[in-house]
Amino acid sequence: MELNKFEDVFEGKLAKNEMVEPKDWMPDNYRKHLIRQISQHAHSEIVGMLPEGNWITRAPSLRSKVVLLAKVQDEGGHGLYLYTAAETLGVSRDELLNNLHTGKAKYSSIFNYPTLTWADIGAVGWLVDGAAIMNQVMLQRTSYGPYARAMVRICKEESFHQRQGFEIMTRLAFGTEDQKAMAQDALNRWWYPTMMMFGPPDAESPNSENAMKWRIKRETNDQLRQKFVNQTVPQVEYLGLTVPDANLKWNEAKKGYDYSEPNWVEFKNVISGNGPCNKERLAARNKAHDEGAWVREAAQAFAKKRKEVYAAA
Amino acid sequence: MTTQEALFQYTLRLGDTNLILGQRLSEWTGHGPFLEEDLALTNIALDITGTAKSLLEYAATLEGKGRTEDDLAYFRNDRQYFNAQITEQPNGDYARTIVRQAIIDCFDFYFYTELAKSKDETLAGIAQKSIKEVTYHLRHTSSWVERFGDGTEESHNKAQTAVNELWQYTGELFEMNEVDAILIKEGIAVDLKIVKEKWEKHITELLEKSTLTKPENVFMQTGSRKGIHTEHLAYILAEMQALPRMFPDAKW
């Protein structure tokens with residue numbers, strides 16, 4: 001087949017809302033875009049284990065300890081299916097991890113913010129997982145089959161996490177004065193970083209156009225951000241907390257809230273390595289990987305010895 | 001000591017052992033040597049902490065003073081904890097964590113198999129659930145002891161050092177006191193002599209298969225049955241209990 005025939009088949013699948021599968025022909029820039037997006041997502045899951053794992057040993061009840069352990073384990077599991085989905089595009093996990101460890105690959109910037117109090121664990125579940133779901137729901141219908149299928153499972157678990165996060169916030173917001181103050185403080189610190197999770201304003205978003213065309217993305221950054229604000233403000237009100245935005249106001253004409261933009265200068269800085277925890281997160285990942293080297297070597301040496309034993313028998 | 005008091009003490013001892021071990025294991029979450037293993041160890045931590053929760057819940061009921069499982073976990077000092085000292089030992093490198101875990105998994109496997117026959121229905125029920133989990137834990141950690149022992153020279157040395165240094169805490173696992181005596185008579189508690197025999201045989205075979213040497217004539221540490229611990233426990237509790245103690249009136 002001529003190249004343009006392959007392209008016609010590919011474009012035809014997109015037009016008919018059909019899935020592109022690993023063995024199908026796909027344009028190079030489609031493959032590259034997917035590898036970048038899926039691996040960033042995988043990295044985000046495993047880096048995300050760090051700020052949440054930070055509170056497992058200090059969870060204030062046995063129930064919350066068990067719930068948090070299970071949650072962080074789920075995030076690791078998501079990382080695993082996403083790395084596997086990325087591998088179907090012809091890239092190895094070692095290569096992807098190497099990109100993460102050397103700082104070449106990005107992960108969600110939100111995890112460069114610290115979890116300072118127990119309320120942050122509630123806020124991360126409620127707001128961060130809430131925003132992630134909003135970004136990810138559309139990916140269940142994305143054009144690349146293995147990614148879409150991984151996202152179906154991930155979204156189910158993320159909704160569960162979001163409810164757990166909201167439950168922590170509810171207990172705090174309806175608890176003692178100290179607990180309520182802890183909840184408000186967490187909301188103050190996580191509100192804008194969460195808004196940044198939808199990416200830069202549409203006018204400045206370099207990767208959006210192709211992503212929309214390829215159904216890797218289905219709504220723009222600004223549309224999603226607006227949706228998030230509309231959904232979250234009533235929840236904040238229910239909790240009796242205050243959104244840290246003096247300009248927040250219902251706009252009847254657009255049937256949505258007007259809100260202040262996050263600080264995009266901060267966003268760019270956190271993305272380029274200057275967030276409060278960028279260096280620590282990367283150092284923790286590198287330490288785990290480097291200190292795990294002898295473990296992986298031992299497993300390989302052992303497997304090789306056993307293979308030789310079987311071969312000789 | 002009444003049977004009820006003995007049963008409370010016994011359940012507390014089992015609950016504490018699981019809680020402190022789960023706490024130690026969960027320090028690895030997000031920091032494992034590779035992703036699959038990070039998930040596996042977190043899963044083991046999760047099972048063990050879940051068992052701790054069930055046991056402490058039951059202990060609180062047995063005590064009948066209106067305390068909850070969280071009161072027991074978060075508002076007792078180290079001298080009121082009865083976990084085996086081996087559980088509070090630092091994680092060290094991955095070989096040490098795995099060796100510690102394999103020693104305890106092997107103990108738990110035979111212990112909970114016996115406890116499942118207990119005349120106390122709640123303990124028997126918890127044990128039955130636990131056996132399923134422990135069977136998987138033991139398989140997992142044993143396979144790693146083998147890999148380390150018969151893997152590279154480095155892994156072998158690390159595993160052997162772990163065995164040598166942890167062995168002194170294994171004697172305590174089989175200690176019995178008045179609590180055990182009262183409850184064994186009632187068909188509630190496990191006779192640890194039976195567990196010891198099976199554990200010795202199993203662990204000896206595992207070490208042999210892994211080309212590791214079993215330490216001989218080791219002087220055994222003791223104390224946890226009386227609430228005496230190594231220096232590590234107070235730090236574990238300081239971290240674990242900080243938040244509830246800072247806000248004692250709060251519900252989480």
Starting from residues that are touching a residue at least 40 places away in the same chain (Cβ under 8 Å) and assigned to a helix (DSSP H, G or I), keep the ones in the range A:1-35 and report whichever is surrounded by the most Cβ atoms within 10 Å (Cβ to Cβ).
A:L34
If I go through the range B:155-193 residue by residue, how many of them are over 19 Å from B:P215 (Cα atoms), open to solvent by 50 Å² or more (accessible area, probe 1.4 Å) and either among the β-branched types (V, I, T) or free of Cβ contacts under 8 Å to residues at least 12 places away in the same chain (or both)?
3
Take the residues of the range A:58-101 that are over 30 Å from B:M246 (Cα atoms) and β-branched (V, I, T): which is least open to solvent (accessible area, probe 1.4 Å)?
A:V91
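Yes/no matrix, rows are residues, columns are (1) crowded, with 24+ Cβ neighbours inside 10 Å; (2) within 10 Å of chain A (Cβ to nearest Cβ):
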{"site": "B:Q4", "(1), (2)": "no, no"}
{"site": "B:L19", "(1), (2)": "yes, yes"}
{"site": "B:G22", "(1), (2)": "yes, yes"}
{"site": "B:W28", "(1), (2)": "no, yes"}
{"site": "B:L35", "(1), (2)": "no, yes"}
{"site": "B:N43", "(1), (2)": "no, yes"}
{"site": "B:D47", "(1), (2)": "no, yes"}
{"site": "B:E57", "(1), (2)": "no, yes"}
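Identify all residues within the range A:46-62 that are within 7 Å of another protein chain (Cβ to nearest Cβ) and either basic (K, R) or in a helix (DSSP H, G or I) (or both); write none if there are none. I'd like the intermediate steps shown before the answer.
Our first condition is that a residue be within 7 Å of another protein chain (Cβ to nearest Cβ); within the range A:46-62, this holds for A:46, A:49-50, A:53, A:56-58, A:60-62.
A:I46, A:M49, A:L50, A:G53, A:I56, A:T57, A:R58, A:L62 - these are the residues of the range A:46-62 that are within 7 Å of another protein chain (Cβ to nearest Cβ) and either basic (K, R) or in a helix (DSSP H, G or I) (or both).
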Specify which of the listed residues (B:E146, B:E153, B:E175) is within 30 Å of B:E5 (Cα to Cα) and at pLDDT 95 or above.
B:E175
Can you spot a residue in the range A:97-113 that is within 24 Å of A:D178 (Cα to Cα), among the hydroxyl-bearing types (S, T, Y), more than 14 Å from every other protein chain (Cβ to nearest Cβ) and not in a helix (DSSP H, G or I)?
yes
Consider only pairs whose beta carbons are under 8 Å apart and that are at least six residues apart or on different chains; among these, list those whose first residue lies in the range A:88-105 and is under 19 Å from A:Y144 (Cβ atoms) and whose second residue is of a type in the set (S, T, Y) and open to solvent by less than 70 Å² (accessible area, probe 1.4 Å).
A:V91/A:S39; A:R93/A:Y83; A:L96/A:S39; A:L96/A:Y83; A:A105/A:S39
Return only the number of the condition from (1) without any contact (Cβ under 8 Å) to a residue 12 or more places away in the chain; (2) under 14 Å from the mean Cα position of the chain (by Cα) that A:Q73 does not satisfy.
(2)
Tally the residues that are open to solvent by 60 Å² or more (accessible area, probe 1.4 Å) and within 14 Å of chain B (Cβ to nearest Cβ), restricting the search to the range A:135-180.
6
Any chance B:F75 is over 17 Å from B:L183 (Cβ atoms) and among the aromatic types (F, W, Y):
yes
Go through A:T232, A:T242 for me and flag whichever is hydroxyl-bearing (S, T, Y), in contact (Cβ under 8 Å) with a residue 12 or more places away in the chain, within 18 Å of A:Y257 (Cβ to Cβ) and open to solvent by 60 Å² or more (accessible area, probe 1.4 Å).
A:T242
Restricting attention to the range A:262-284, does a residue exist that is of a type in the set (A, V, I, L, M), within 21 Å of B:G151 (Cβ to Cβ) and surrounded by 11 or more Cβ atoms within 10 Å (Cβ to Cβ)?
no
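Of everything in the range A:291-313 that's among the basic types (K, R) and at the interface with another protein chain (Cβ under 7 Å from one of its Cβ atoms), which residue is nearest to B:A95 (Cα to Cα)?
A:R296
Can you name the residue in the range B:230-248 that is more than 22 Å from B:T68 (Cβ to Cβ) and not polar (S, T, N, Q) and is also most open to solvent (accessible area, probe 1.4 Å) among such residues?
Within the range B:230-248, the first condition is being more than 22 Å from B:T68 (Cβ to Cβ), and the residues that meet it are B:230-232, B:234-235.
Subset that is not polar (S, T, N, Q): B:231-232, B:234-235.
Values: B:E231: 156, B:H232: 64, B:A234: 47, B:Y235: 172 Å².
The qualifying residue most open to solvent (accessible area, probe 1.4 Å) is B:Y235.
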If B:L212 passes every condition in (1) within 14 Å of chain A (Cβ to nearest Cβ); (2) among the hydrophobic types (A, V, I, L, M, F, W, C); (3) over 25 Å from B:L138 (Cα atoms); (4) more than 17 Å from the chain's Cα centre (by Cα) but one, which one does it miss?
(3)
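Scan the range B:91-99 and tell me whether some residue there is within 14 Å of chain A (Cβ to nearest Cβ), part of a helix (DSSP H, G or I), closer than 27 Å to B:E197 by Cα and open to solvent by 30 Å² or more (accessible area, probe 1.4 Å).
The answer is yes, given that some residue of the range B:91-99 is within 14 Å of chain A (Cβ to nearest Cβ), part of a helix (DSSP H, G or I), closer than 27 Å to B:E197 by Cα and open to solvent by 30 Å² or more (accessible area, probe 1.4 Å).
The values are calculated or read from the model by the stated rules, or taken from the named source; none is laboratory data. Because the structure is a prediction, the values reported are computed rather than measured. Glycine gets a Cβ as well: all are built from the backbone with ideal geometry, and neighbour counts include every protein chain shown. Calculation scope for accessible area: heavy atoms of the full protein, side chains included, ligands and nucleic acids excluded. Shrake-Rupley method; radii C 1.70, N 1.55, O 1.52, S 1.80 Å.
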